[in-house]
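This report refers to the structure that appears directly beneath it.
Laboratory data are not the source of any read-out in this text; all were calculated from the coordinates shown. Predicted model, so just to flag it, every value in this text is computed and none were measured. For neighbour counting, all protein chains shown are included, and Cβ atoms are generated from backbone atoms with ideal geometry for every residue, glycine included.
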Amino acid sequence: MSWVEGEAGGRSAWLKVAAFLAMVIGAAPLAAQVRPNDVRLTTALDISYAIDPKWRLDVFSEMRLDQDIDRLADLVFRPNIQYAFLPSWTVAAGYVQIEPLQATFRTERGAFEDLFYGTSFGALGVTNRLRLNETFADQSSAMLIFSSYLVALQHPIGESAWFAALSDEAFFNLKVDGTGREAGFQANKSYVGIGYPVDQRVSLTAGYELTVDDIRGTLFTAHTIKFGAGIKLN
């Protein structure tokens, strides 16, 4: 394959990705008009440690305020171990706990697995992540199995160190027996933001996320302001 063919193929792939994201993100606000619901704020911290070139430990945590940023709702804790089995492919397995702070739902905890595929088209970085969660709520023996698929884009802003980030993630319930939830589409999250690498180990991000959540056939929306920090220990 010639360089011209490879360049054309890369451009075609990127246009397909962009068209997909534009379709999903563009459709979300239309669905969101059904039932405006909440304004939220989240702060996230992602800490990772490289054991060797292929193995990495990662601990992700996120705290959320909801009810128009007036209630300290919950905390998500997601430690995991990652293995890069090919240059572009990584698998991960870990534990997730969703702990209510002032929210009234029950603690939810269990295992999760990730499959990552990362590539780039010039300066544009593209990450695909397929996630499977198997969780239990407190005082319940019913397992909830749900999956999500994330497409995330990242591109430098001009000649600066700043970068732009765009992503879309769709969630689906696969097994809901005894959980009170419905199988099928559960939610969609569309995000746009910016980031800045403070140094080689620390990066900061800020952005906006639109969530459309299907609760028993009724669509609810949440507008979330998001702040994040990523720290590489080595």
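Under 17 Å Cα-Cα from Lys226, which aspartates and glutamates qualify once same-chain neighbours fewer than 8 residues away are excluded?
Asp38, Asp46, Glu62, Asp66, Asp68, Asp70, Asp74, Asp168, Glu169, Glu209
Report ³J(HN,Hα) in whole Hz for each residue of the range 75-82, in order, from the Karplus equation J = 6.51 cos²θ - 1.76 cosθ + 1.60 where θ = phi - 60°; Gly and Pro get x.
10, 10, 10, 9, x, 7, 10, 10
Translational D (Stokes-Einstein, µm²/s) of the range 3-232 at 10 °C and 1.306 mPa s when Rh comes from the Kirkwood sum over C-alpha pairs? The partial results should precede the final answer.
Working: Rh = 19.1 Å.
Using the Kirkwood radius from Cα pairs, D works out to 83 µm²/s.
In nm, give the distance between the simple-model label positions of Ile51 and Ala161, each being 7 Å from the Cα along the Cα-to-Cβ direction.
Inter-label distance under the simple model: 3.1 nm.
Assuming a ≥ b ≥ c are the square roots of the Cα gyration tensor eigenvalues, decide whether the range 126-218 counts as rounded (a/c under 1.5), prolate (otherwise, with a/b larger than b/c) or oblate. Before the final figure, lay out each step's value.
Numbers: a/c = 3.13, a/b = 2.37, b/c = 1.32.
Since a/c reaches 1.5 and a/b is larger than b/c, the shape of the range 126-218 is classed as prolate.
Does a label point 7 Å from the Cα of Glu134, set along Cα-to-beta-carbon, have any residues of the range 86-105 with amide nitrogen under 14 Å, and which are they?
Residues 93-96 qualify, since their backbone N sits under 14 Å from the label point.
Using θ = phi - 60° and the Karplus relation 6.51 cos²θ - 1.76 cosθ + 1.60, list the HN-Hα couplings for the range 47-55 in order, rounded to whole Hz, with x at every Gly or Pro.
Those phi angles translate into 10, 10, 9, 7, 6, 7, x, 9, 9 Hz.
Express in whole angstrom the spacing between the alpha-carbon centres of the range 78-95 and the range 115-149.
11 Å
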